[in-house]
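Worksheet: the structure to be examined is printed underneath.
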Amino acid sequence: MSEEASIYRSDIAAERAVLGSVIIDSDVWPVVAGILKATDYYSEKHARIHRTIESMVKAGETPDLVTLPAIMGKNSTERDDLVSYLASMVDEVPTTVNAGRYARIVAECAQARRVVDEAKELQETIRGGANPDEIYKAAQRLARKAEPASKGSSVLTAPEMLDHLSRYHEV
């Protein structure tokens with residue numbers, strides 16, 4: 001595993017569980033949609049599934065193992081592959097009651113990735129010989145990215161943030 005890949009937090013099991021929960025019980029969608037955006041997924045395939053579910057719900061449709069692949073699949077082979085993939089997600093869901101918790105896990109990982117990206121930008125700003133004002137502004141952006149998404153959230157703790165930053169402090 002490359003150093004780059006090791007610093008990007010993800011939880012594919014949580015991503016699969018949140019999407020599988022919505023497929024099983026579309027009533028959990030408002031909870032999930034209140035926590036996650038498609039861009040929060042590490043897997044592009046999962047982001048695509050999220051976007052499709054979002055579109056379906058907005059159109060008044062219910063996503064399930066038949067309707068999702070029918071919309072997402074370009075041909076019968078792709079639809080069949082999607083049915084298998086989505087069915088495996090559904091089979092892995094311990095309980096839909098925890099859909100909100102699964103979504104928060106995915107959101108926490110996404111926030112950590114955004115902090116890492118912002119830390120890289122800060123590092124490049126410093127390496128590029130930026131003046132102190134530019135460095136300060138870049139550091140402020142990093143601090144904003146590290147703030148929890150909502151009050152009372154433990155999305156990213158200060159030690160976690162420092163851990164991510166320490167991997168990039170060698171300038």
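With respect to the conditions (1) open to solvent by 10 Å² or more (accessible area, probe 1.4 Å); (2) modelled with pLDDT of 95 or more; (3) hydroxyl-bearing (S, T, Y), S21 falls short on a single one, namely (1). Could you run through the stretch 114-171 and say how many residues are of a type in the set (G, A, S), open to solvent by 40 Å² or more (accessible area, probe 1.4 Å) and modelled with pLDDT of 80 or more? The total comes to 2. In the stretch 27-53, the residues that are of a type in the set (S, T, N, Q) form Cβ pairs under 8 Å with partners that are not in a helix (DSSP H, G or I), at six or more places apart or across chains, as follows: S43/S10; T52/P63.
The values are calculated or read from the model by the stated rules, or taken from the named source; none is laboratory data. Bear in mind that the values here come from a model prediction, so they are computed numbers and not experimental data. Don't worry about glycine lacking a Cβ; one is built from the backbone with ideal geometry, like all the others, and counts go over all protein chains shown. The area values use the complete protein model at the heavy-atom level, side chains included, leaving out ligands, DNA and RNA. Shrake-Rupley method; radii C 1.70, N 1.55, O 1.52, S 1.80 Å.
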